[in-house]
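Beneath this line is the structure, given in structure tokens, with notes to follow.
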Amino acid sequence: MRWLLTATLAVLLLLVQADLWFGRGGLPHQWRLESELAAQEQANTAARERNARTAAEVSDLKEGLEMVEEKARHDLGMIQPDEILVQVSKPR
């Protein structure tokens, strides 16, 4: 009878341990959370870099006209009154 009690307790102990290791909140869940955390950290780093670039651009626009002139030339194709626009196209 004693061996039956020991075997039952050992099985119950194994079930509790298996639930702790592989159940909700166990190792697979922790690994999944760690991978999600790494992906979120990469997304946050990319967002911080975009924000820094945008903040630098806003700062340039507030401080001087060079950035405004560059944007007008590049995006809108504007030229100053005393300039001549020359476009060079690639041969076909």
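Taken together, the values in this text are just the output of simple stated rules run on the coordinates, not laboratory data. Remember, it's a predicted structure, so these values are computed and weren't measured experimentally. All Cβ positions, glycine included, derive from the backbone under ideal geometry; neighbour counts span all protein chains shown.
Remarks
- Ordering of 64-73, 47-56 by burial proxy (mean other Cβ atoms within 10 Å per residue, highest first): 64-73, 47-56
- Between P28, L4, L85, the Cα set farthest toward the positive side of the dipole of the chain (charges on each charged residue's Cβ, about the Cα centre) is that of L4.
- Looking at the chain, the pairs of alpha carbons with a distance over 19 Å make up 73% of the total.
- For the range 27-78, diffusion coefficient by Stokes-Einstein and Kirkwood Rh (Cα), 25 °C, 0.890 mPa s, µm²/s: 178 µm²/s
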